[in-house]
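The values are calculated or read from the model by the stated rules, or taken from the named source; none is laboratory data. Here the structure is a predicted model, which means the values were calculated and not measured. All Cβ positions, glycine included, derive from the backbone under ideal geometry; neighbour counts span all protein chains shown.
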Amino acid sequence: MVLLSGEAGIGKSRLLRVVREQVAREAYTCLEGRCTPYDQHSAWYPLLAPLARLRQWGLDDTPAVQLATLQQMVQQCSLLGADIVPSLAVLLGLPFPSPPARLPLEPQEQRQQMLAALLALLVSCAAQRPLLLILEDLHWGDPSTLELLDCLVDHDPTAAIYTLVTCRPPFQPAWLGRAHVTPLVLDRLARLQAETMVRHVAGQAALPGAVLQHLVAHTDGVPLFIEELTTAVLESGALQAQTRQVREAPTGTGVGIPVTRHLTQDRFASFPGKITA
Ligand SMILES: Nc1ncnc2c1ncn2[C@@H]1O[C@H](COP(=O)(O)OP(=O)(O)O)[C@@H](O)[C@H]1O
Ligand SMILES: [Mg+2]
């Protein structure tokens, strides 16, 4: 289990993408979910859609086949009773001809049973092929998802499950210190790394030294800022003006280069309070 933490825009999702690319040729099952501020009160929200998409109950299967598959998975798991199947089916959005009978359980018991069922599903998935479980932005996790992770940490650590979760500080799960949990913290880029990234984003465009330094100085080593501000400078006419200015007065200090840019709505969503849109 790896917990990757770092502030917004520092490169957590990017690193996950690289991990996915690196294991692309391996035979494994990937379950990838993302917590959001809007779904903090929807139980198991980040897991449900990825679980329902699993090939075990392909979308093309008839409801009868899907039901049989689910029953088989439940049967394989000794800690589950067959009575969990209808609830699990509803939770996973499987289209069944008739609605399930209500479980004669207290809500808390029902929740515990569902928790055990989801855990069993993950473990049974992993018994077929190694499972890569990715959960992003755990700081927005709903209590049920967080509890499922708590259980997963306590579950048999020899299950073939590689869990990779990301979060922003100060979020810290209780299981952080466990032996099979590796915490990784992504820090801001050092000056040299930031320069390299600015050059990379600029591509073929020639950046005068003053502009480069301006960009590095105003982006605080945060990759998202570097990407956004460098792109903004390239897209605005400021670079051409600055190039002329530098040519005429080489000690120029970046006059006319923007220090912030307007972020599109989804980019802005991850930056509360940092950049004004
Ligand atoms: N090491 C890196 N090199 C180049 N670009 C990066 C790097 N890290 C992050 N980025 C870019 O910065 C932006 C923000 O990164 P992202 O992974 O979305 O951050 P987070 O998930 O931590 O909020 C993305 O567009 C990403 O491609
Ligand atoms: Mg992210």
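Things worth noting here:
- So ALA49, is it among the small types (Gly, Ala, Ser) and either crowded, with 19+ Cβ neighbours inside 10 Å or modelled with pLDDT of 75 or more (or both): yes
- Qualifying residues in region 12-21 (those that are within 6 Å of ligand 1 (Cβ to nearest atom) and surrounded by fewer than 20 Cβ atoms within 10 Å (Cβ to Cβ)) - the one nearest to ALA190 (Cα to Cα): ARG14
- Pairs where the first residue, in region 1-26, is closer than 19 Å to ASP220 by Cβ and the second is assigned to a strand (DSSP E or B) and within 14 Å of ligand 2 (Cβ to nearest atom), C-beta under 6 Å, 6+ apart: SER5/CYS167; LYS12/LEU4; LYS12/THR166
- Taking the conditions (1) within 12 Å of ligand 1 (Cβ to nearest atom); (2) loosely packed, with under 15 Cβ neighbours inside 10 Å in turn, THR182 satisfies each one other than (1).
- One residue alone among VAL201, VAL222, VAL216 is within 26 Å of SER5 (Cβ to Cβ), surrounded by 14 or more Cβ atoms within 10 Å (Cβ to Cβ) and within 16 Å of ligand 2 (Cβ to nearest atom), and that residue is VAL222.
- Subset of region 170-198 [within 16 Å of ligand 2 (Cβ to nearest atom) and over 18 Å from ARG14 (Cβ atoms)]: PHE171
- Check on GLY273, under 26 Å from SER13 (Cα atoms), of a type outside the set (A, V, I, L, M, F, W, C), part of a loop (DSSP other than H, G, I, E, B) and at pLDDT 95 or above: no
- When TRP140 is tested against the conditions (1) under 15 Å from LEU47 (Cβ atoms); (2) away from ligand 1 (no atom under 16 Å from the Cβ), the lone failure is (2).
- Subset tally (residues that are closer than 19 Å to LEU16 by Cα and among the charged types (D, E, K, R)) for region 167-205: 3
- Condition met for ALA8 (within 16 Å of ligand 2 (Cβ to nearest atom) and surrounded by 14 or more Cβ atoms within 10 Å (Cβ to Cβ)): yes
- Residue in region 16-37 that is modelled with pLDDT under 80 and basic (Lys, Arg) present: no
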